[in-house]
1. Counting other beta carbons within 10 Å of each residue's own, what order do I18, I307 fall into, fewest first?
2. Once you treat every alpha carbon in the range 266-388 as an equal point and sum by Debye, what is log10 I(q)/I(0) at q = 0.10, 0.11 Å⁻¹?
3. What whole number of Å gives the distance from the Cα centroid of the range 4-81 to the Cα centroid of the range 194-270?
4. For the chain, what is the mean residue ellipticity at 222 nm derived from helices alone (per DSSP H run of n ≥ 4: -39500 (n - 2.57); sum divided by total residues; nearest 500 deg cm²/dmol)?
5. Neighbouring Cβ atoms within 10 Å as the yardstick, rank D15, D159, D372 fewest first.
6. In the neighborhood of E271, defined by Cβ-to-Cβ distances under 14 Å, what is the net charge if each Lys or Arg adds +1 and each Asp or Glu adds -1?
7. Specify the inter-centroid distance of the range 360-390 and the range 145-186, based on alpha-carbon positions, in whole Å.
8. What ranking do T169, T14 get, fewest neighbouring Cβ atoms within 10 angstrom at the top?
Amino acid sequence: MIEHPISYGHQLITDEDIQAVVETLKSDYLTQGPRIPEFEKQFANYLGCEYACMVSNGTAALHLCAMALDIKPSDKVITTPITFVASANGFRYLGADIVFCDIDPKTFLMDLDKLETILKFSPKGTYKAVVPVDFAGYPIDEERLHHLAEEYGFATVIDCCHAPGGSWTDSKGEKQMIGNCKYADMSVFSFHPVKHIAAGEGGCITTNRKDLYDKVALYRTHGITKDPSRLTRNDGGWYYEMQELGYNYRITEFQAALASSQLKRLDWSIERRNEIAHRYDEALQNLPILTPYRQEGITHAFHLYVIEVHPSRRKALYDYLRDHQIFAQVLYIPAHTMPYYKSLGHKEGECPIAEDYYTRCLALPMYPSLTDEEQQYVIDAIINFYLKNDN
Ligand SMILES: Cc1ncc(COP(=O)(O)O)c(C=O)c1O
């Protein structure tokens, strides 16, 4: 038997993490101190990019990207329906007209063939930005997206909230860390507790473009700067200027300390998540279940382990697992079918592959502190479900 309910994702907080937070609480700064730039430097080094800007959450990160790209009302922005709604909302805050591009049925990521079809039938420059999501931790083909961006003239923001620590291989055979922005304008991350780096709340924007970094850093804190080289005049040491209308999207020092402490374990977390994934793959292979797609040259970050089951079985399996204290999750309800997006004219039938995926998907427990016994309990429960409900 298990001692406590098993959810689809869970944070791991070690004594070292607690120590890092306590030390910060005893320090001189609770916000805007040294820990935030420290984390930003560590994260940029880890990914291999120039700039990282830490903010209060992943949604704020998306909003700031939209601001940095100067998204205006009715600008067209393409994203995927299989994501948390924040991927679209961050651009919608500025009035963008969101276009949902259907998914690839194998990877569940934005289908770049379909994207190309959308782009081909519109004049160049119609779409201001494309925002794919590395759903579940699987990387989008950023190189192909980059070529499309050059051909059709749009900015790229990769929503990497599910995928820090994952990697892929480009056509030159070079390993690319997810979020390093070698082929993208900006990438965003979330440090929500179910994510790889669990800072309570938190987010980050990465980029290699100084102009975009300067903008998101300015908008993160009210559009205020004290940088003498940017001031229009200087009345003395106290002087600052609000140069743009920004937000308070700052993060605290203790969250940054927690994020830094967790970043040290990110590689281990990815390894452990992959171990858990392989064990599920093997254990479920003789059941009427589709397990996640993989490809050579890719390190899947496995934020989620999503299986597909027959639509007629999905709810029963979900309920059966719940009855056994296993809280598997359905991720995601296609964003374009949300009442809000329907009120803007989106409708069922718009992204049929995503809608079909939604009837089949189920995210099984996947987090590095899931023990072998707990995972076995989950596997046994799934096998028992199918024994009871004949295949
Ligand atoms: C794909 C994706 N994008 C964006 C976000 C938003 O991040 P946050 O919850 O930190 O605002 C999430 C969080 O759940 C997410 O899963």
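We did not get these values from a lab; they are worked out from the coordinates using the rules stated. None of these values were measured; they are calculated from a predicted model. Here the Cβ positions follow ideal geometry from the backbone for every residue, glycine too, while neighbour counts run over all protein chains shown.
1. On the way: I18 12, I307 21.
Ranking I18, I307 by Cβ neighbours within 10 Å, fewest first, gives I18, I307.
2. -0.36, -0.43
3. Measuring centre to centre over Cα atoms gives 9 Å.
4. On the way: 13 runs with 147 residues, N = 391.
Here the helix-only value at 222 nm equals -11500 deg cm²/dmol.
5. Working: D15 7, D159 30, D372 10.
With the sparsest Cβ surroundings first, the list reads D15, D372, D159.
6. On the way: positive: K264, R265, R272, R273, R279; negative: D267, E275.
The answer is +3.
7. One Cα centre to the other: 33 Å.
8. Working: T169 16, T14 13.
With the sparsest Cβ surroundings first, the list reads T14, T169.
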